[in-house]
Amino acid sequence: MGKWVFAAATTAVLITSGAPSFAQGIRIGPGGVEIDDGRGYREERDERRHRRMCRELRDRCENRDVYGEEGQGNCRRYRRMCG
């Protein structure tokens, strides 16, 4: 009986006082396990990734003769995704 009361009290304390701690997102995917605690790190990381991708596409578009590329593929993709 004592163990049951202890378990019930512990559960009640966790539910009432630790409610914000249950508001986390857990993602399991190709990049591994990711815990989103709601602080916006994911959005910042995605924004940095987008800026880096746009910078690389712009470089490829402007210097396609240096890289030996033909056509407008990178320029079209740059305009569509970044601009």
Which residue pairs have Cβ atoms closer than 6 Å, lie 6 or more positions apart in sequence or on different chains, and pair a first residue in region 57-83 that is in contact (Cβ under 8 Å) with a residue 24 or more places away in the chain and within 26 Å of Asp46 (Cβ to Cβ) with a second residue that is open to solvent by less than 50 Å² (accessible area, probe 1.4 Å) and among the polar types (S, T, N, Q)?
Leu57/Asn74
Taking region 25-42 and keeping only residues that are open to solvent by less than 70 Å² (accessible area, probe 1.4 Å) and either on the phi < 0 side of the Ramachandran plot or of a type in the set (D, E, K, R) (or both), one is left with Gly25, Gly29, Glu34, Asp36, Asp37
Taking region 55-71 and keeping only residues that are on the phi < 0 side of the Ramachandran plot and over 30 Å from the mean Cα position of the chain (by Cα), one is left with Asn63, Arg64, Asp65, Val66, Tyr67, Glu69, Glu70
Determine if region 33-50 includes at least one residue that is in contact (Cβ under 8 Å) with a residue 24 or more places away in the chain and among the basic types (Lys, Arg).
no
Considering each residue of region 3-24, count those that are modelled with pLDDT under 75 and either open to solvent by 80 Å² or more (accessible area, probe 1.4 Å) or outside any helix (DSSP H, G or I) (or both), and give that number.
10
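The values are calculated or read from the model by the stated rules, or taken from the named source; none is laboratory data. Quick caveat, the model's predicted, so the values are computed rather than measured. Cβ: placed from backbone, ideal geometry, glycine included. Neighbour counts: every protein chain shown. Side chains included, ligands, DNA and RNA excluded: accessible areas come from the protein's heavy atoms. Shrake-Rupley method; radii C 1.70, N 1.55, O 1.52, S 1.80 Å.
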